[in-house]
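Q: Below are the structure tokens for one structure; questions will follow.
Each reported figure results from applying straightforward, stated rules to the coordinates on display, with no laboratory input. Small disclaimer: the values here were computed from a predicted structure and weren't measured. In this analysis, Cβ positions are derived from the backbone assuming ideal geometry, glycine residues included, and neighbour counts consider all displayed protein chains.
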Amino acid sequence: MAVDNRQSRITAAGNAAKMMIGKTPPHITACAPIKDGVIADFDIASGMLEYFFRSEAGAMMILSRPKVYLSVPHCATSTERRSFIEVAAKAGAKNVMLVPETLAAAIGMKMKIEEPKGKMVVNIGGGTTEASVISFGGAVLTNSIRVGGSAFDRSIANFMRRKYGIIIGEVTAELLKKNIGNVFASEENSSMEVHGSKGGIPVSVTVSGSDLREPLRMQASHIIECIRSAFEKTPPELCSDIRESGIVITGGGACLKGMDKLIEQKTGIRTICAKKPLDSVVMGLATIIDGGDKFGIAERTDR
Ligand SMILES: Nc1ncnc2c1ncn2[C@@H]1O[C@H](COP(=O)(O)OP(=O)(O)O)[C@@H](O)[C@H]1O
Ligand SMILES: [Mg+2]
């Protein structure tokens with residue numbers, strides 16, 4: 001979100017605001033209101049929801065005080081849950097329903113979660129990664145870590161500083177990750193010109209995907225560890241189900257090239273990536289809203 005501080009007014013949202021991060025004059029604040037899985041700025045976060053409610057459904061919707069479905073990581077603390085509920089309420093929600101994120105993702109990917117057969121969903125978000133074992137319409141267990149896509153970005157920025165002495169911004173780091181980053185050698189190796197600063201002077205260097213593999217793999221190893229320890233907690237019958245059904249990865253972090261191959265190599269279990277990793281969760285929420293909550297997954301909250 002980009003906010004004009006002089007009038008406390010939102011001037012841009014979504015991608016338009018993201019392009020402004022690190023480039024704004026003092027009277028404009030451009031930031032991500034939810035960062036690393038937690039609310040970084042309460043007012044801007046609820047302003048964001050309100051903005052999207054208005055732009056997608058019109059002012060009437062806010063007046064009608066909608067029921068809002070929010071997906072939250074399993075690992076969100078009760079304080080974090082409370083803040084998400086308050087953010088939605090401030091934006092105009094009457095009731096807030098919380099849906100565990102990996103379950104929403106599984107439903108969004110049209111997985112048959114009601115089957116009595118264990119499945120594993122790994123959701124790699126911006127600030128968290130969660131591996132859930134799902135069976136009989138619920139999450140039997142979930143293992144969470146506070147490592148997601150942003151950690152990969154930071155790892156790239158650190159690497160650029162160490163290797164080339166160049167300081168780059170978070171937006172540039174993320175762009176590098178998305179455009180040329182990969183964690184598996186067989187992925188195509190393209191390169192990109194990076195602009196940053198060295199001793200205060202603007203410079204540029206060309207880096208390739210293979211250059212970035214080491215810092216990216218360092219973060220990927222945390223995700224693999226998260227999956228491994230989920231398996232350690234999984235009862236043997238479910239383990240053998242998953243051996244058959246494979247691991248499904250989703251969330252924006254699953255778009256990182258070679259992530260599926262690396263997980264498959266390190267766990268020895270067939271791993272596939274969602275068709276639309278960025279949309280799984282929201283599609284799952286849509287299914288729950290449209291089709292009724294067949295499995296009683298959404299949790300009603302009261303204020
Ligand atoms: N093509 C891509 N390659 C690598 N990472 C990506 C790609 N697209 C998005 N991401 C990363 O996915 C993360 C956001 O994932 P998302 O599931 O939207 O997060 P959350 O559910 O936590 O809001 C960000 O760190 C972003 O950089
Ligand atoms: Mg996500």
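Q: Using only Cα atoms, figure out Rg for region 149-215 and give it as a multiple of 2.2 N^0.38 Å.
A: Here the answer is 1.02, to two decimals.
Q: What number do you get for the chain when its Cα radius of gyration is normalised by 2.2 N^0.38 Å, N = residues?
A: Against the compact-globule rule of thumb, the ratio is 1.06.
Q: GNM on the chain, C-alpha springs below 10 Å: top fluctuator among Ala173, Ala93, Ala57?
A: Of Ala173, Ala93, Ala57, the Gaussian network model singles out Ala57 as fluctuating most.
Q: Show log10 I(q)/I(0) for region 182-303 at q = 0.13, 0.19, 0.20 Å⁻¹, two decimals, from a solvent-free Debye sum over equal Cα scatterers.
A: One equal scatterer on each Cα of region 182-303 leads to -0.74, -1.13, -1.18.
Q: Same structure, new question: If eta is 1.567 mPa s and T is 4 °C, what Stokes-Einstein diffusion coefficient results for region 118-172, Kirkwood Rh from Cα pairs, in µm²/s? Walk me through the intermediate numbers first.
A: Numbers: Rh = 13.0 Å.
Taking Rh from Cα pairs, D becomes 100 µm²/s.
Q: Of Ile124, Ala89, Ala40, which is farthest on the positive side of the dipole of the chain, counting Cα position, with +1 on Lys and Arg Cβ, -1 on Asp and Glu Cβ, and the Cα centre as origin?
A: Looking along the dipole axis, the top candidate is Ala40.
Q: For region 1-137, what does the relative contact order come out to in percent, with C-alpha contacts under 8 Å and a separation of six or more?
A: 18 percent
Q: Sticking with this structure for a sec: Only Lys, Arg, Asp and Glu count, each charged at its Cβ (+1, +1, -1, -1), so figure out the dipole size of the chain about its Cα centre, rounded to 20 debye.
A: Here the chain has a charge dipole of around 360 debye.
Q: What is the local net charge at Gly118, summed over the other residues whose Cβ is closer than 10 Å to its Cβ (Lys, Arg +1; Asp, Glu -1)? Kindly include the intermediate steps, with their values, before the conclusion.
A: Details: positive: Lys117, Lys119, Arg243; negative: Glu115, Glu237, Asp241, Glu244.
Charge balance near Gly118 sits at -1.
Q: Further question: Length gain on complete extension for the stretch Arg162 to Ala286, per 0.36 nm per residue less the alpha carbon to alpha carbon distance?
A: Gain on stretching Arg162 to Ala286: 40.2 nm.
Q: Take every DSSP beta bridge with both residues inside the chain and express the antiparallel ones as a percent of the total, to the nearest 5.
A: 70 percent
Q: Hey, which aspartates and glutamates would be in cross-link range of Lys163, C-alpha to C-alpha under 16 Å, not counting anything within fewer than 8 residues on its own chain?
A: Lys163 reaches Asp153, Glu193, Asp211, Glu214.
Q: Counting only helical runs of four or more DSSP H residues, what would the 222 nm mean residue ellipticity of the chain come to if each run contributes -39,500 (n - 2.57) and the total is spread over all its residues? Please list the in-between numbers first.
A: On the way: 11 runs with 129 residues, N = 303.
Roughly -13000 deg cm²/dmol at 222 nm, from the helical runs in the chain.
Q: Could you tell me whether region 5-99 comes out rounded, prolate or oblate from its Cα gyration tensor? Rule is a ≥ b ≥ c as square roots of the eigenvalues, rounded for a/c under 1.5, then prolate if a/b exceeds b/c, otherwise oblate. Mind dumping the intermediate values first?
A: On the way: a/c = 2.20, a/b = 1.30, b/c = 1.68.
Here region 5-99 falls in the oblate category.
Q: Between Lys23 and Glu232, what is 0.36 nm times their sequence separation minus the Cα-Cα distance? Round to one decimal in nm.
A: Gain on stretching Lys23 to Glu232: 70.7 nm.
Q: At q = 0.10, 0.14 Å⁻¹, what is the log10 ratio I(q)/I(0) for region 80-212, with the Debye formula run over Cα points and no solvent?
A: Those come out to -0.53, -0.83, one per q.
Q: Evaluate the relative contact order of the chain (contact order divided by residue number), counting alpha-carbon pairs under 8 angstrom at least 6 apart; express in whole percent.
A: On the way: 570 pairs, mean separation 57.5, N = 303.
Relative contact order comes out at 19 percent.
Q: With helices defined as uninterrupted DSSP H runs, which ones in the chain have an alpha carbon span along their own long axis of at least 30 Å and mean Kyte-Doolittle hydropathy of at least -0.5?
A: Long hydrophobic helices here: 209-233.
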